[in-house]
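S.K.: Dropping a structure here in structure tokens format, bear with me for questions.
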Amino acid sequence: MTATEEPVTEIAAFPQDRTCPYQPPSGYRAAAGHGPVSQLELYDGRVVWGVTGHLEARRLLADARLSTDRRNPAFPATTEVVGRIRNRLTPPLVGVDDPVHKVQRGRLIPSFTHRRITALRPRIHEIAGRVLDTLVEKGPPGDLVTDFAQPLPSMVMCHLLGVPYEDHDHFEACTTRMLSGENPAIAMGELRTYLLALAGENRHKLNEGLFGDLVEAPEGEVSRADLVDLTVVILGAGFETTASMLSLGIFTLLDNPERLAELRADPSLWGAAGEELLRYTSITDGITRVATEDIEIGGVTIRKDDGIIFLTSVLNRHEDVREDPDVLDWHRPTRNHIAFGFGAHQCLGQNLARIIQEVALQDLFDRLPDLRLATAAEEIPFRPGAAVQGMLKLPVTW
């Protein structure tokens, strides 16, 4: 069976709205009942393959016959907006295949080693403290999306890149506008112009950081302009997913008070809890690829130019991976998930994301021990049908 041979019957639409922000949509769970690789229908009626089998997902994500090149006309567009601009998209790192991807990733790896990222922990504590100071000074009630989950990773990324302190207000304002949907194209253009100037005539202003390392290295196979585009991609991917991870993690803990009480009683569990939250919430739900050759897997034939979408929220709750997958439980092995993807394109910034999450959540709940939702959980808005899950608002009081 191929994606185009069978009639479209009883298949899930993608993306699909959730009834709870940290639970997979019922349609995605139903898709898993049709086999580890079954059919999904996109907004424009195109039928693609949805992967819900954990073993099959890991095999496919590591398969060089799958491409992430958005310029390929066959690459699946998950929304109408993406469909209109797909052929013009050439995002570095996340939208290119080897050998280009390998070169770009190789330039970044030294800045994202476990040792280098771990050394940032004290600075992340400091940044979290400053954000919490501002939150407390404003007083309750507060919105933890705009007052905590967004500014904290923005400030961390500013420090990581080595942006001069005197420029951080402009830099963070551009970043926030770019990722919040407020004139994103204009904000991205301003950010790119700023980084190009910083890489050129204003290079003397650079602090120690990732961007400084990149522009000081020999150009080789990556031009200065490409490095700027690469930096913008890192910034966008790192900011959006980390901010969503924080807001959804906080909501999940406040919505599961017995689990939160356990962390308050034993802070040594925060590391394991962070890993379990990554699995349980599956922030990025819908990793997209296109086949460049025919592939036999899971009882089906994926043909060349067929689109593939990996339903992370279901994959991370697969019963073959762990018992009682719908239970939030950090008293068991928690690392066997694909919240950061898998294979050559596995998230380069996962070490940073883990540390930000652990520090931010622990510092938040230590500082505000009686933190609680300011309204009923079911009344709090979250992103509907989005590939990146998260809260639109998170009203709290203390």
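S.K.: Sequence gap at least 6, Cα distance under 8 Å: using those rules, report the relative contact order of the chain to the nearest whole percent.
M.R.: Numbers: 615 pairs, mean separation 104.5, N = 398.
Relative contact order comes out at 26 percent.
S.K.: OK, next. Compute the distance from the alpha-carbon center of the range 92-167 to that of the range 260-309, in whole Å.
M.R.: 22 Å
S.K.: Right, here's the next one. Give me the distance in nm between label points sitting 7 Å out from Cα along the Cα-to-Cβ direction at residue 321 and residue 125, one decimal.
M.R.: 3.2 nm
S.K.: With a 10 Å radius around each residue's Cβ, average the other Cβ atoms per peptide and rank 160-167, 25-32, highest first.
M.R.: Working: 160-167: 17.2, 25-32: 19.9.
So the peptides 160-167, 25-32, ranked by packing, come out 25-32, 160-167.
S.K.: Here is a follow-up. Multiplying the sequence separation of residue 133 and residue 378 by 0.36 nm and subtracting their Cα-Cα distance, what value in nm do you get?
M.R.: On the way: separation 245, 0.36 × 245 = 88.20 nm, distance 2.88 nm.
Length difference between fully extended and current span is 85.3 nm.
S.K.: Name the residues of the range 323-342 whose amide N is less than 15 Å from a point 7 angstrom out from the Cα of residue 266 along the C-beta direction?
M.R.: 329-334
S.K.: Listed highest first by mean packing, meaning other Cβ atoms within 10 Å per residue, what order do 325-337, 357-369 come in? Walk me through the intermediate numbers first.
M.R.: Details: 325-337: 14.5, 357-369: 18.9.
Descending mean neighbour count gives 357-369, 325-337.
S.K.: Order the peptides 224-237, 187-200, 100-113 from the highest to the lowest mean number of other Cβ atoms within 10 Å of their residues. Before the final figure, lay out the partial values.
M.R.: On the way: 224-237: 19.7, 187-200: 17.6, 100-113: 15.6.
For the peptides 224-237, 187-200, 100-113, the packing ranking is 224-237, 187-200, 100-113.
S.K.: Out of these labelled values of P(r) over Cα pairs in 20 Å bins from 0, in percent, (1) 30, 60, 10, 0; (2) 30, 57, 13, 0; (3) 27, 58, 15, 0, which was calculated from the coordinates shown here?
M.R.: Working out P(r) over Cα pairs in 20 Å bins from 0, in percent from the coordinates points to (3).
S.K.: Separate question: What number, rounded to the nearest 500 deg cm²/dmol, is the helix-based mean residue ellipticity at 222 nm of the chain, given -39500 (n - 2.57) per DSSP H run of at least four residues and division by all its residues? Each step should come with its number before you reach the end.
M.R.: Values: 15 runs with 174 residues, N = 398.
Calculated mean residue ellipticity at 222 nm is -13500 deg cm²/dmol.
S.K.: Can you give the FRET efficiency to the nearest 0.05 for residue 397 and residue 79, using r as the Cβ-Cβ distance and R₀ = 30 Å?
M.R.: Details: r = 35 Å, r/R0 = 1.17.
Taking R0 as 30 Å, the efficiency between residue 397 and residue 79 is 0.30.
S.K.: Under a 1.4 Å probe, what is the accessible area of the chain per residue, stated in Å²?
M.R.: Values: 17340 Å² over 398 residues.
Roughly 44 Å² per residue, with all protein chains present.
The values are calculated or read from the model by the stated rules, or taken from the named source; none is laboratory data. Just so we're clear, the structure is a prediction, and the values are computed from it rather than from any experiment. Backbone-built Cβ (ideal geometry, glycine too); neighbour counts: all protein chains shown. Accessible surface is based on the protein model in full, side chains and every heavy atom, while ligands, DNA and RNA are left aside. Shrake-Rupley method; radii C 1.70, N 1.55, O 1.52, S 1.80 Å.
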